[in-house]
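The values are calculated or read from the model by the stated rules, or taken from the named source; none is laboratory data. None of these values were measured; they are calculated from a predicted model. Every residue, glycine as well, gets a Cβ built from its backbone with ideal geometry; the counts of neighbours run over all protein chains shown. To get the accessible areas, we keep the full protein, side chains included, count just its heavy atoms, and leave off ligands, DNA and RNA. Shrake-Rupley method; radii C 1.70, N 1.55, O 1.52, S 1.80 Å.
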Amino acid sequence: MTIMVALKRIILLCFLFPLLAMATSKDTLIVSYGDHNSAPYAVEQGEVLYSGIIKDIATEIADELDINISFFKTPRKRTERYLENETVHLVIISNPAWLKNSNKLQWSETVFVEKDIIVTRADNTHIYQELADLKGMIIGTIRGFTYPNLQPYFDKEHFVRYDVSNLQVNFIRLELNRIDALVDADVAINYHLLKSEKSKAYRVLPIVVSEHNIQAALSPNAPVSLEDFNKALIKLKEQGVIAAILKKYQLEEK
């Protein structure tokens, strides 16, 4: 190697090192997701979060805040602990009523509105107009999720709760007649039925179990402030970015 070539390499490295330092010094926002987040909230390829509403919204917010981002797969029952000890910084799909430690967390403006609805088999021709009409049925639910409007009925054994890990399993159990109905978010149910070759085998009941604001939960010492997070979120909503993400998965913002 000639002296001139060596000098050129040294000069190049001197130029690159500050840039690398700047790139690595940027904080990283760690976003939680898990198996309990059915598609289109989280879509994996292998064990990697490939796409979905969580990934798309978090990526847009991170770009707006000029912060690095990473995704951490979290078991549903550890979400609260991981937010408190800052193993993760952000849960996009949440609500203060769903977490026991909600008062220790920071809560964003509404991201969008979601409804819990009920699905039965299409060959079940009974008429269901209200929750009381589900008497005696086994209802497929998601482990770790709370259903405040259904809980009084579960407590009185008016109908029975049966927990599984995700919506996909509930649809399989419903197809096999292992449960009589399932309850989940309209976002996830509509997406599943749109993608399923067996969509005609199911019936969505005209019963809205609950309607709630989806809010992001931010850990106490996250690398972004709640104020900055909300500014970014509101800007994306005003620009139609959030609505476009929902539309991408064949849904419209409510």
*Return a yes/no flag: does the stretch 194-210 have any residue that is more than 14 Å from Val113 (Cβ to Cβ) and within 16 Å of the chain's Cα centre (by Cα).*
no
*Under 9 Å between Cβ atoms, at least 6 apart or on separate chains: pull out the pairs that start in the stretch 189-201 with a residue that is closer than 21 Å to His36 by Cβ and end on any residue that is open to solvent by 60 Å² or more (accessible area, probe 1.4 Å) and part of a helix (DSSP H, G or I).*
His192/Gln168
*Residue that is least open to solvent (accessible area, probe 1.4 Å) [pool: residues in the stretch 48-79 that are over 16 Å from the mean Cα position of the chain (by Cα) and not aliphatic (A, V, I, L, M)]*: Asn68
_As an exercise: evaluate Asp66 against (1) at pLDDT 95 or above; (2) touching a helix residue (DSSP H, G or I) at 6+ places or on another chain (Cβ under 8 Å) and give the number of the one condition it does not meet._
(2)
_Matching strands (runs of 3 or more DSSP E) fully within the stretch 144-254 where at least 2 residues are of a type outside the set (Asp, Glu) and open to solvent by 20 Å² or more (accessible area, probe 1.4 Å)_ = 160-164, 202-218
*Condition test on Tyr82, is it of a type outside the set (S, T, N, Q), assigned to a loop (DSSP other than H, G, I, E, B), surrounded by 15 or more Cβ atoms within 10 Å (Cβ to Cβ) and touching a strand residue (DSSP E or B) at 6+ places or on another chain (Cβ under 9 Å)?*
no
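Name the single residue, out of those in the stretch 86-106 being touching a residue at least 12 places away in the same chain (Cβ under 8 Å) and part of a helix (DSSP H, G or I), that is nearest to His36 (Cα to Cα). I'd like the intermediate steps shown before the answer.
Just the residues of the stretch 86-106 that are touching a residue at least 12 places away in the same chain (Cβ under 8 Å), to begin with: 86-102, 104-106.
Narrowing further to those that are part of a helix (DSSP H, G or I): 96-98, 102, 104.
On the way: Pro96: 17, Ala97: 17, Trp98: 13, Ser102: 19, Lys104: 22 Å.
Applying the filter and picking the extreme gives Trp98.
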*What tally of residues in the stretch 102-119 results from selecting those that are surrounded by fewer than 15 Cβ atoms within 10 Å (Cβ to Cβ) and farther than 30 Å from Ile207 by Cα?*
2
*Would you check if Tyr128 is of a type in the set (Phe, Trp, Tyr) and assigned to a loop (DSSP other than H, G, I, E, B)?*
yes
_Count of the stretch 131-143 residues which are in a strand (DSSP E or B) and surrounded by fewer than 16 Cβ atoms within 10 Å (Cβ to Cβ)_ = 0
